[in-house]
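J.: Here it is, the structure in full.
Laboratory data are not the source of any read-out in this text; all were calculated from the coordinates shown. Not measured: the values here are computed from a predicted model. No Cβ is skipped: glycine too gets one built from the backbone with ideal geometry, and neighbour counts run over all protein chains shown.
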Amino acid sequence: MGRPHGRRLPLVLLGVLCTVGWTGSLLFGHFVDCGPGLHRIGLAVHILALVISFGTILVVDWLGLLWLLGKVQMHESGKLEAAAKPLIWGGLALLLISGALIAPDLDNPVTVVKLVCVLVLMLNGLGIAPAMHQLLALPAGTRFGELGRRLRLRLMVALSISQACWWTAVLIGLVNSTLRRWAGL
């Protein structure tokens, strides 16, 4: 049985909104020269937003891992995830805004990989919502091994995509920033 149409449509609209915001950020950053002053401010905000959103993701995923290992109950992770959503999505919005100010080099294929990772992690975050609703509808004492195979696989794939995209984007951003600094840009 598929998802109800009422839940699928908002996720599709949110996915379109994320994609439009991501595209707008890239186009603005590529075509508008903000100057060195705004670049510095953008970089500071970018780092702050990264700490907020990625730091929150790490805590939520850590608690999820503890649940997987049987150390905490599932609903503890779900409650934290629900409370953390504003930090995660607010941080991502700030990353898009500040990323436009730091002028991403769209001619650099490594930077393009980073930017695609950001879009994928946002869409993955939206795509996991139905599985999280399904998970949190189960009794609090449910263990990972008691979940249906499909739900377990969906959760593991989403977690893997999230972590791979976050770490790739962070490391590429760090390398790019360091290389820019060494080049005096």
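J.: How large is the charge dipole for the chain, taken about the Cα centre, if only the Cβ atoms of Lys, Arg (+1) and Asp, Glu (-1) carry charge, to the nearest 20 debye? Could you put the intermediate results ahead of the total?
T.: On the way: 15 positive and 7 negative charges, 115 e Å.
Dipole magnitude for the chain comes out near 560 debye.
J.: Please check: in the Gaussian network model of the chain (C-alpha springs, under 10 Å), which one of 84, 137, 100 has the largest mean-square fluctuation.
T.: 137
J.: Can you tell me how region 111-158 classifies by the Cα gyration tensor, rounded, prolate or oblate, using a/c under 1.5 as the rounded cut?
T.: Working: a/c = 3.95, a/b = 2.62, b/c = 1.50.
It is prolate, given that a/c is not under 1.5 and a/b is the larger ratio.
J.: Label region 1-102 by shape, choosing from rounded, prolate and oblate, from the square roots a ≥ b ≥ c of the eigenvalues of the Cα gyration tensor; if a/c is under 1.5 it is rounded, and otherwise prolate applies when a/b is larger than b/c, oblate when it is not. Before the final figure, lay out each step's value.
T.: Working: a/c = 4.01, a/b = 1.52, b/c = 2.63.
The shape class here is oblate.
J.: Can I ask one more? Could you run the Debye sum over the Cα atoms of region 22-183, one equal point scatterer each and no solvent, and tell me log10 of I(q)/I(0) at q = 0.15, 0.17, 0.20 Å⁻¹, two decimals?
T.: Taken in order of the listed q values, log10 I(q)/I(0) reads -0.81, -0.97, -1.23.
J.: Still on this structure, I have one more. When only C-alpha pairs under 8 Å and at least 6 residues apart count, what is the relative contact order of the chain, in percent?
T.: On the way: 153 pairs, mean separation 53.4, N = 185.
Here the relative contact order equals 29 percent.
J.: Quick one: if the Förster radius is 41 Å, what FRET efficiency do residue 40 and residue 73 give, using the C-beta to C-beta distance and rounding to 0.05?
T.: On the way: r = 45 Å, r/R0 = 1.10.
That pair, residue 40 with residue 73, gives E of 0.35.
J.: Cα gyration tensor of region 84-132, axes a ≥ b ≥ c as square roots of the eigenvalues: rounded (a/c below 1.5), prolate (a/b > b/c) or oblate?
T.: Details: a/c = 4.67, a/b = 1.63, b/c = 2.86.
Since a/c reaches 1.5 but b/c is at least a/b, the shape of region 84-132 is classed as oblate.
J.: Right, next: Taking the Cα centre of each part, how many Å lie between region 21-80 and region 123-185?
T.: 11 Å
J.: As a check on your grasp of the helix formula, calculate [θ] at 222 nm for the chain: sum -39500 (n - 2.57) over DSSP H runs of n ≥ 4, divide by the residue count, round to the nearest 500. Provide the component values of the computation, followed by the final result.
T.: Numbers: 6 runs with 151 residues, N = 185.
Dividing the helical sum by the residues of the chain leaves -29000 deg cm²/dmol.
J.: Something else about it: At most 14 other Cβ atoms within 10 Å and a DSSP loop assignment: could you name the trypsin sites (Lys or Arg not before Pro) in region 85-185 that fit? Please list the in-between numbers first.
T.: Numbers: sites: 114, 143, 149, 150, 152, 154, 180, 181; in loops: 143.
Here the trypsin sites (Lys or Arg not before Pro) that fit, given the DSSP loop and packing criteria, are 143.
J.: What cysteines in the chain have no other cysteine with a beta carbon less than 4.7 Å from their beta carbon?
T.: For the chain, the answer is 18, 34, because their Cβ atoms have no other cysteine Cβ under 4.7 Å.
J.: If you don't mind, another one. Of 140, 48, 22, which is farthest along the charge dipole of region 22-183 in the positive direction, counting Lys and Arg as +1 and Asp and Glu as -1 at C-beta?
T.: 140
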